[in-house]
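Structure record follows, encoded as structure tokens.
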Amino acid sequence: MTHEAGFSGVSYQAEMPLGWQSGPLPATTVLQEWMHTNVVLLHALATMETQAPARDNESGNDMERKLERVEVKLDLALNLLSKLLAQHIPQPASCPVTLSASGIEWIGQGTPPAGNIVISLFINPRLAQPLLLPASIRNATAGASGTRIAAEFSHLSEEVQEWLERTVFRNHRRFIQSRHRDNS
């Protein structure tokens, strides 16, 4: 669902496992490793979510059909591996999240202290590994259902920023399309 969380650009809402850890940010080399891993995860997610164009049985050559079958088998193997890994990597509780390319807002039970935090965001169940996103707390407001926390991302590489924008836009577009289908 689209939501205005005070961040610029497009955003979307979903229930996602989210955890956070406060404290000083790690060394630059560790942040660079995190950014590389984030790019790999976001790129893999985009690849998994990309649907091959529908073809009838008459079109396409034999090699294309073989490649499609390999891709389906690879998707299945990645899905099974992801589920296996998820059994061994503890996930934080899911909570309502509004995600944009510049920041995140969630409703949680704990309130991070002002300053730097690292957010562990399991952006999709098909990925057993979380995105690690350095951020700084913008505000926290107590409410009946928990604390609404807004954080602005910091120290993201340009490539992570770009892939995050693509991911947010793709999910936002899907939401708009599903809402349009529901209203038709």
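So which of Glu152, Glu159 ends up being out of contact with any Lys or Arg (no Cβ under 8 Å at 6 or more places or on another chain), under 22 Å from Leu42 (Cβ atoms), acidic (Asp, Glu) and in contact (Cβ under 8 Å) with a residue 12 or more places away in the chain? Before you say what the answer is, go through the steps one by one.
Working: Glu152 fails: out of contact with any Lys or Arg (no Cβ under 8 Å at 6 or more places or on another chain).
Criteria check complete, one pass: Glu159.
Scanning for something out of contact with any Ser or Thr (no Cβ under 6 Å at 6 or more places or on another chain), small (Gly, Ala, Ser), modelled with pLDDT under 70 and surrounded by 11 or more Cβ atoms within 10 Å (Cβ to Cβ), does the stretch 38-60 turn up at least one residue? Give the steps one after another, and end with the answer.
Step one: list which residues in the stretch 38-60 are out of contact with any Ser or Thr (no Cβ under 6 Å at 6 or more places or on another chain), which gives 38-41, 43-60.
Okay, now just the ones that are also small (Gly, Ala, Ser), so 44, 46, 52, 54, 59-60.
Subsequent filtering for residues that are modelled with pLDDT under 70 retains 52, 54, 59-60.
Those left that are additionally surrounded by 11 or more Cβ atoms within 10 Å (Cβ to Cβ): 60.
Scanning the stretch 38-60 turns up at least one residue that is out of contact with any Ser or Thr (no Cβ under 6 Å at 6 or more places or on another chain), small (Gly, Ala, Ser), modelled with pLDDT under 70 and surrounded by 11 or more Cβ atoms within 10 Å (Cβ to Cβ).
Could you check Arg126 against (1) within 22 Å of Val30 (Cα to Cα); (2) in contact (Cβ under 8 Å) with a residue 12 or more places away in the chain; (3) surrounded by fewer than 19 Cβ atoms within 10 Å (Cβ to Cβ) and say which number it fails?
(1)
Before we move on, is Thr147 hydroxyl-bearing (Ser, Thr, Tyr), closer than 24 Å to Met35 by Cα and either outside any loop (DSSP other than H, G, I, E, B) or modelled with pLDDT of 95 or more (or both)?
Working: hydroxyl-bearing (Ser, Thr, Tyr): yes; closer than 24 Å to Met35 by Cα: no; either outside any loop (DSSP other than H, G, I, E, B) or modelled with pLDDT of 95 or more (or both): yes.
So Thr147 fails the test.
Quick check on Pro17: is it surrounded by 11 or more Cβ atoms within 10 Å (Cβ to Cβ), at pLDDT 90 or above and assigned to a loop (DSSP other than H, G, I, E, B)?
Values: surrounded by 11 or more Cβ atoms within 10 Å (Cβ to Cβ): yes; at pLDDT 90 or above: yes; assigned to a loop (DSSP other than H, G, I, E, B): no.
No.
Residues checked against (1) more than 23 Å from Pro26 (Cβ to Cβ); (2) of a type in the set (Asp, Glu); (3) out of contact with any Phe, Trp or Tyr (no Cβ under 7 Å at 6 or more places or on another chain):
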| site | (1), (2), (3) |
| --- | --- |
| His88 | yes, no, yes |
| Ala101 | no, no, yes |
| Pro113 | no, no, yes |
| Glu159 | no, yes, yes |
| Arg170 | yes, no, yes |
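The values are calculated or read from the model by the stated rules, or taken from the named source; none is laboratory data. Computed from a prediction, not measured in an experiment: that's the story for all the values here. No Cβ is skipped: glycine too gets one built from the backbone with ideal geometry, and neighbour counts run over all protein chains shown.
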